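Okay, so here's the structure we're looking at.
The values are calculated or read from the model by the stated rules, or taken from the named source; none is laboratory data. Being a predicted model, the structure only gives us computed values, none of them experimental. Because the Cβ atoms are built from the backbone with ideal geometry, glycine has one as well, and the counts that use them run over all protein chains shown. Keep in mind that these areas ignore ligands, DNA and RNA; they rest on the heavy atoms of the full protein, side chains included. Shrake-Rupley method; radii C 1.70, N 1.55, O 1.52, S 1.80 Å.
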Amino acid sequence: MHVKGLAAFAAAVGVGLLSGAAIAQEVKQEKQSVLGNANVPPVTQEQLNAADKNAKDFLLTNGNYAQTRFYPGKQISRDNVRNLHVAWIFQTDVKESLETSPIVVDGVMYVTTSFSHVYALDAKTGQQLWHYAHKMGPITVYCCGPNNRGVQVLGDRVYLATLDSKLMALNAKTGEAVWTTNIADPELGYSETMAPTVVKDKVLIGTNGGEYGIRGFVRAYDAKTGKQLWNFNTIPENSVGVWATKDATGRDMHRNIQAEKDMLAKIGDPYAKLGGGVWQNPSVDLATNRIYLVVGNPSPDLDGSNRPGDNLYTNSMVSLDLDTGKYVCHFQYIAHDVWDLDAVSPTVLVDVKDKGGKTIPGVIHAGKTGHIYVHDRKDCSLIRFSEAMVPQENMWVLPTKEGARMLPGANGGVEWSPIATDPGQALAYAINLHQPMTYHVETSAYPNGKLWLGGAFKVIPGEKQSGNITAVNYNTGKIAWQVNTPEPMIGGILATAGGLVFTGEGNGKFAAYNSSNGKELWSFRAGAGVNAPPSSYMVGGKQYVVVGAGGNTQLDYKRGNNIIAFTLD
Amino acid sequence: MFGKLMIGATALLLLAAQVCAETIEDKVAVCAGCHGADGKPVDKTIPTIWGQQAGYLYIQLRDFKRGDRKSEIMQPIATQFERDDMLAIAEYFSQKPWPDLGQPRAPKDVAAKAITASASVGCPACHLDRFQGDGTVPRLAGMGRDYLAKTIADFRTRARGNNPGMSDLMLATSPDDLAALVEYLAGL
């Protein structure tokens, strides 16, 4: 970590002796929050409910409770996007992976950085209003970078979940902590990188830890007090399921069901250490009071020998009742996964055509497999899946000691990157990775909260990697257009009523495309990986697009510390 | 072997003095005998603990005490400590400057091999940019070469059994690539 390195250096020399003001400044900022004054009105539940129609603000991580990432403003359009210019650049104090979704409330922007810092900025000028520097506990255990994906605001509180597994409410005006609740014990592999979803005075949060033998959950905490209201274990006590031999697309997964049954008789249900993290926001169906979320991989990732059964509800979409956390329905994409091709990209609620062509409430999810899955919202059942957006080869070959080659690699397809949709065109926009890998298996016992992979997945040196932006018609499953990129893509995408999609690449390119045909209309070089989801908002009568350029830890894309806002001249 | 026994004997002597230790300085006095009074370990197979990540140091002491990480030398030392002691000791050493062991940079071809191997497994996804570590993941940049080679070999045979995930990753990497990584990391 950039700042920490400096801090250690400063400590060594003795901060008092340092004449370099810049270094002292950075040390100070790492250790201390800078309280301030953000003149921002409280956010009401009514405002949040109507976020999908609000072009002034960007109130939720994925734009609105349906998570469409469709921004309704159209001042920036296909005709004028070539005139987009930098409005301002804000440099954070932390030069590590940026995955933040900027939230904008009435001209005030909230962004987060790696290591759980939060900044409030003037959305028009980029000027810092306050900075909350989280005092991290010594024990943090996480898999893919010290990331944070953002905050949400309700009333006059900003809600944050931290890497050391705490849930916090901050004062939206000053950045002061109002309450802090411990979510789970980091020493057992729990951590937080997701933005909370706040709805009806409940703060919804999941957990990371699928690489550490946790037992995953989704919880609701009281927004006023931080008290837990309900808990849903993503792994039920009966995790065995139906012994599915095929995946959601009908391909044989080569399970040895007899061996699994013998193991089950020997060791019993493996639910207690089975993983099943939830680290992306659920979508919220306000009409039916249900939430839809995806559950991640089983632990250990690549070795299924000690976890007989379907490993419910890993690699599944699950629907719960918002008020009680009670199970409503689920759909499992890959039972007994041994490839870490789990379900992570957040669900999206849109109206879809069912098999008979009737329009019904649907829910869609973009998989690491490279398919977009379209479900009936009523019972979670699968209506269709899209053409594969990335090459697939040798599916589902079982991992071996020496390593078995299979495409896609373990990062996908679509990784955690949220998709965007344009309901007017019935298109879903996803960014993809193509990384040829070999899958290796090793067996070991549960290691008390330590890294528990059950093997390794290795990028094959010398094989070409790439990425793409793909638009899929979710009513037909057909690919409408595809733009290839030189490197695997991770971060996120935004669609706008101006007929555009915005997304970034690991090489620093950030670009706007015609959302109907994928034609590139504008681009910018950020100097560090643009691997975060963009947001858009209006202030002073002008539309802005904002994105973090901080690179990515997991794919080792060039790090930076910039929040960049663009507007028309 | 003789050297090892000598170190063990020193440790026991020092330990006797340590039982009634009070302050953090007293508690850590014994460590200097091996890990170095100036942070440079006295023997090449002993790891650098000055400037190491606090979370990682704590977890190692915990694991030595539990017996999850086997070491005839470190286990009796760690057994003395309660959780709070371990956290305090970890914090104490993490605040010290990382010592420069003066190890040479890896030659270009070795570095290139190491970087390819590192990218294949994705070491920086956990050990972070420039292998600085964070939290419970250790800093590797500038760690003693012989210690790195030893502990990686121990991961591979699971003689070091306190992190099966790291063992799996080391087993999936060829000995050749690991040798290059050792050179490269030591010289960072």
- prompt: In this structure, does A:GLU237 turn out to be surrounded by fewer than 24 Cβ atoms within 10 Å (Cβ to Cβ) and assigned to a loop (DSSP other than H, G, I, E, B)?
  reply: yes
message: Restricting to the range A:295-328, give me the number of residues that are open to solvent by 10 Å² or more (accessible area, probe 1.4 Å) and hydrophobic (A, V, I, L, M, F, W, C).
response: 2
task: Report yes if B:PRO104 is facing chain A (nearest Cβ under 10 Å), in contact (Cβ under 8 Å) with a residue 40 or more places away in the chain, surrounded by fewer than 20 Cβ atoms within 10 Å (Cβ to Cβ) and on the phi < 0 side of the Ramachandran plot, otherwise no.
output: no
- line: Picking from B:ALA119, B:ALA90, the residue that is of a type in the set (A, V, I, L, M) and open to solvent by 20 Å² or more (accessible area, probe 1.4 Å) would be B:ALA119
query: Are any residues in the range B:45-81 farther than 25 Å from B:GLY142 by Cα, among the charged types (D, E, K, R) and not in a helix (DSSP H, G or I), and if so, which ones?
result: B:ASP68, B:GLU72
statement: Exception for B:LEU128 within (1) within 11 Å of another protein chain (Cβ to nearest Cβ); (2) modelled with pLDDT of 95 or more falls at (2)
- prompt: Of everything in the range A:443-461 that's in a loop (DSSP other than H, G, I, E, B) and open to solvent by less than 10 Å² (accessible area, probe 1.4 Å), which residue is modelled with the highest pLDDT?
  reply: A:GLY454
message: Just the residues that are surrounded by fewer than 18 Cβ atoms within 10 Å (Cβ to Cβ) and within 13 Å of chain A (Cβ to nearest Cβ), please, taken from the range B:157-170.
response: B:THR157, B:ARG158
- prompt: Which residue out of A:GLY175, A:GLY137 is within 12 Å of another protein chain (Cβ to nearest Cβ), touching a residue at least 40 places away in the same chain (Cβ under 8 Å) and small (Gly, Ala, Ser)?
  reply: A:GLY137
query: Within the range A:176-215, can you find the residues that are within 16 Å of the chain's Cα centre (by Cα) and either charged (D, E, K, R) or in a loop (DSSP other than H, G, I, E, B) (or both)?
result: A:GLU192, A:THR193, A:MET194, A:ALA195, A:PRO196, A:GLY206, A:GLY209, A:GLY210
message: Restricting to the range A:43-62, count the residues that are in a loop (DSSP other than H, G, I, E, B), crowded, with 18+ Cβ neighbours inside 10 Å and in contact (Cβ under 8 Å) with a residue 24 or more places away in the chain.
response: 5
query: Looking at (1) open to solvent by 60 Å² or more (accessible area, probe 1.4 Å); (2) away from every other protein chain (no Cβ under 12 Å); (3) among the charged types (D, E, K, R), which is the only condition B:ARG66 fails?
result: (2)
Flag if A:ASP185 is over 30 Å from A:PRO447 (Cβ atoms) and open to solvent by 20 Å² or more (accessible area, probe 1.4 Å): no
- request: With respect to B:ASP177, determine if the residue is open to solvent by less than 40 Å² (accessible area, probe 1.4 Å), over 23 Å from B:ARG62 (Cβ atoms) and either in contact (Cβ under 8 Å) with a residue 60 or more places away in the chain or away from chain A (no Cβ under 14 Å) (or both).
  value: yes
- prompt: Restricting attention to the range A:240-252, does a residue exist that is aliphatic (A, V, I, L, M), buried (at least 23 other Cβ atoms within 10 Å of the Cβ), in contact (Cβ under 8 Å) with a residue 24 or more places away in the chain and farther than 27 Å from A:PRO447 by Cα?
  reply: no
field: Inter-residue pairs, beta-carbon under 8 Å, first open to solvent by 70 Å² or more (accessible area, probe 1.4 Å) and in the range B:17-32, second modelled with pLDDT under 90, 6+ apart
entry: B:ASP26/B:GLN18
task: Mind listing whichever residues of the range A:209-225 are open to solvent by less than 10 Å² (accessible area, probe 1.4 Å) and either of a type in the set (A, V, I, L, M, F, W, C) or more than 28 Å from A:LEU302 (Cβ to Cβ) (or both)?
output: A:ILE214, A:PHE217, A:VAL218, A:ALA220, A:TYR221, A:ALA223
task: Output the residues belonging to the range A:419-442 that are in a loop (DSSP other than H, G, I, E, B) and touching a Leu at 6+ places or on another chain (Cβ under 9 Å).
output: A:GLN435, A:PRO436, A:GLU442
